[in-house]
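S.K.: Following this message is one structure expressed as structure tokens.
Nothing in this text is a laboratory measurement; each read-out follows from the coordinates by a stated rule. As the structure is a prediction and not an experimental result, all values here were calculated from the model. No Cβ is skipped: glycine too gets one built from the backbone with ideal geometry, and neighbour counts run over all protein chains shown.
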Amino acid sequence: MVSPQPAKYPEIKSLMKPDPNLIWIIIMMVLTQLAAFYIVKDLDWKWVIFGAYAFGSCINHSMTLGIHEIAHNAAFGNCKAMWNRWFGMFANLPIGIPYSVSFKRYHMDHHRYLGADGVDVDIPTDFEGWFFCTAFRKFIWVILQPLFYAFRPLFINPKPITYLEVINTVAQVTFDILIYYFLGIKSLVYMLAASLLGLGLHPISGHFIAEHYMFLKGHETYSYYGPLNLLTFNVGYHNEHHDFPNIPGKSLPLVRKIAAE
């Protein structure tokens, strides 16, 4: 897909601005999960796990894509980049695992060097492609997808730790400890299970494979225009996103409408 030029479609340039609604959506999602943490603290374990998969996983997966939006400074704009970093740490809290700052660093490489070996850690390694080659092994790979996504950068393209990553980690660990202290182990397990289940074998997680699976040689990025975009900040509009990463997900359907090519 050839990227359309903003000069050809001046309307597209007007879409390159922050999405203030993103701030309130993220805040409401965090508050929703806090309420869920309180609700599950006295439930039977079977309902804790069921709630984590049926409800919490949807919120936490959606939150990771909200953090993706924040990584592109869609909340407060490029002129307030640090506000986006702090807000990303806030959005990170109900996920349970510190990653928002690191994601920002590696995700920019994904856009600059799409598919480049040793740089783009969004793409499975040669070992993953070699080992997970049967239907059963691929099934296991999908289940373990969040672990591969978390640890792949450490093996493929490790980066020096920054002070923001330290702050992100301290804030997240402190939050996790507070959840355990005030609400108990069930709330903590619900939070972590919602992230692991929601990013693994889950209907919403299909976009991880669909976005950059090379069905046709030379076509590295694909889009999805179905209803799950309502839960994922339009991440399905992936060709449009890679063409114009400065446009918030909310406006990507307009990009497709303006410049369908």
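S.K.: Within the chain, which is the longest segment containing none of the trypsin sites (Lys or Arg not before Pro) that sit in a DSSP loop and have at most 14 other Cβ atoms within 10 Å?
M.R.: Longest stretch, sites excluded: 9-216.
S.K.: Using Cα pairs under 8 angstrom and six or more residues apart, how large is the relative contact order of the chain, in percent?
M.R.: Contact order relative to length: 30 percent.
S.K.: Per residue of the chain, what 222 nm ellipticity follows from adding -39500 (n - 2.57) for every DSSP H run with n ≥ 4, rounded to the nearest 500?
M.R.: So the calculated ellipticity at 222 nm is -17500 deg cm²/dmol.
S.K.: Rounded to the nearest 20 Debye, what is the dipole magnitude of the chain about its Cα centre when Lys and Arg each give +1 and Asp and Glu each give -1 at the C-beta?
M.R.: Approximately 280 debye in magnitude.
S.K.: In the chain, with Lys and Arg counted as +1 and Asp and Glu as -1 at Cβ, which of these residues, Ile167, Leu15, Ala54, has the Cα nearest the positive end of the dipole, that is, farthest along it?
M.R.: The residue sitting most towards the positive pole is Leu15.
S.K.: Considering only Asn157, Gln145, Asn246, whose Cα is most displaced toward the positive end of the charge dipole of the chain, charges sitting on Cβ of Lys, Arg (+1) and Asp, Glu (-1)?
M.R.: Projecting each Cα onto the dipole axis, the largest value belongs to Asn246.
S.K.: Share of Cα-Cα pairs in segment 17-201 beyond 25 Å, in percent?
M.R.: 39
S.K.: Of the candidates Pro20, Pro124, Pro146, which one comes out as most mobile in a Gaussian network treatment of the chain with C-alpha springs shorter than 10 Å?
M.R.: Most flexible of the set in this elastic network: Pro20.
S.K.: Here's another thing I want to ask about it. Take a quick pass over segment 17-201 and tell me how many lysine pairs come in under 21 angstrom between Cα atoms, counting only ones 8 or more apart or on separate chains.
M.R.: Taking the Cα cut-off of 21 Å, the pair count is 6.
S.K.: What are the ³J(HN,Hα) couplings of segment 225-238, residue after residue, when phi is run through the Karplus curve with 6.51, -1.76, 1.60 and θ = phi - 60°? Round to Hz, x for glycine and proline.
M.R.: With coefficients 6.51, -1.76 and 1.60, one gets 10, x, x, 5, 4, 5, 9, 10, 6, 6, 5, x, 6, 7 Hz.
S.K.: If the cut-off is 20 Å between C-alpha atoms, which aspartates and glutamates fall inside it for Lys13, apart from same-chain ones fewer than 8 positions away?
M.R.: The qualifying aspartates and glutamates are Glu69, Glu240, Asp243, Glu261.
S.K.: Also, quick follow-up: Counting only C-alpha contacts under 8 Å and six or more residues apart, can you give the relative contact order of segment 16-167 as a whole percent?
M.R.: 20
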